[in-house]
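Novice: Shown below is the structure under consideration.
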Amino acid sequence: MATVLLIEDDENVSAALTQALTKAGHHVRAEETAMNALRTATCEPPDVVILDLGLPDLDGSDALRMLRGVSDVPVIVASARQSEADIIKLLNAGADDYVTKPFSAAQLDARIAAVLRRGEPHAQSQTLITVGPLSIDQGRHVALLDGQELELTRREFALLAYLADNAGRVISKQELVEQVWQQPYLGAEATVDVHVSWLRRKLGETAAKPRLLRTVRGVGIMLSDDS
Ligand code: CA
């Protein structure tokens, strides 16, 4: 059961999804324009957002960027566009997942459950992880490097926590896709590359001069402290 903000301008689609998601036990708030949805997302923060890309007032990817400006809420994009480049662009703009139209309410419900699961701290993993200068508190969602708090997005935090939890082991991109993104999709490995490079920048290091994050060409990524 989740509070779902559904942003969809097609009345028929909106009504059908609202009915199905309500029946599945969710509380649904539907908006037809991006601007109204942004206001709702700020005033009544939802657990998850379903964003149609073809909206009357704003292009969906601009709406996504604005939403990301005010909220870290999981966003599932509903789109008829399906080229790999488009999907990667959306994921990099902050979408957590996507469904391609037409999709069933059951499929959407499964995606909602998956993004909400990802947001929960992993019960089986340690809450506090320390690797050299890096310490991660998974319960409080705080990562410190040399005592300074890192400003990470939810996804960057999850990626860093997974790498740190498996410090000293080279992890394949496929494993990261499965464990951090929890849903393999087209172009996912390229998305891992992009997130690793962002993480690297936030850790203040480069691929050429790694401190904690090492890319093992053709194998994967490893976090380790050799200092
Ligand atoms: Ca539309």
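Novice: For the range 29-41, which positions are of a type in the set (Gly, Ala, Ser), within 16 Å of the ligand (Cβ to nearest atom) and more than 17 Å from SER79 (Cβ to Cβ)?
Specialist: ALA30
Novice: Here's something else I'd like to know. Any residue in the range 50-63 that is without any contact (Cβ under 8 Å) to a residue 40 or more places away in the chain sitting within a Cβ distance under 8 Å of a residue that is near the ligand (Cβ under 8 Å from one of its atoms) and of a type in the set (A, V, I, L, M, F, W, C)? List the pairs, counting only those 6 or more apart or interchain.
Specialist: Between residues of the range 50-63 that are without any contact (Cβ under 8 Å) to a residue 40 or more places away in the chain and residues that are near the ligand (Cβ under 8 Å from one of its atoms) and of a type in the set (A, V, I, L, M, F, W, C), the close pairs are ASP59/LEU53; GLY60/LEU53; SER61/LEU53.
Novice: Now a separate question. Would you point out the residue of the range 189-216, among those that are free of Cβ contacts under 8 Å to residues at least 12 places away in the same chain and aliphatic (A, V, I, L, M), that is farthest from VAL99 (Cα to Cα)?
Specialist: ALA208
Rundown of residues vs (1) away from the ligand (no atom under 16 Å from the Cβ); (2) surrounded by fewer than 14 Cβ atoms within 10 Å (Cβ to Cβ), yes/no style:
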residue: ALA93; (1), (2): yes, no
residue: ASP97; (1), (2): yes, no
residue: PRO102; (1), (2): no, yes
residue: ALA106; (1), (2): yes, yes
residue: VAL115; (1), (2): yes, no
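Novice: Just name the residue that is nearest to the chain's Cα centre (by Cα) out of those in the range 139-160 that are in a loop (DSSP other than H, G, I, E, B) and either under 15 Å from ARG200 (Cβ atoms) or modelled with pLDDT of 90 or more (or both).
Specialist: THR153
Novice: I would also like to ask the following. What number of residues within the range 1-28 are within 16 Å of the ligand (Cβ to nearest atom), surrounded by 18 or more Cβ atoms within 10 Å (Cβ to Cβ) and in a helix (DSSP H, G or I)?
Specialist: Selection size over the range 1-28: 3.
Novice: Now for a different question. Of all residues being surrounded by 21 or more Cβ atoms within 10 Å (Cβ to Cβ) and assigned to a helix (DSSP H, G or I) in the range 42-79, which is farthest from the ligand (Cβ to nearest atom)? Just the residue, please.
Specialist: Checked the range 42-79; the qualifying residue farthest from the ligand (Cβ to nearest atom) is LEU67.
The values are calculated or read from the model by the stated rules, or taken from the named source; none is laboratory data. Predicted model only: the values in this text are computed from it and were never measured. Counting neighbours? That spans all protein chains shown, and the Cβs are built from the backbone with ideal geometry, glycine included.
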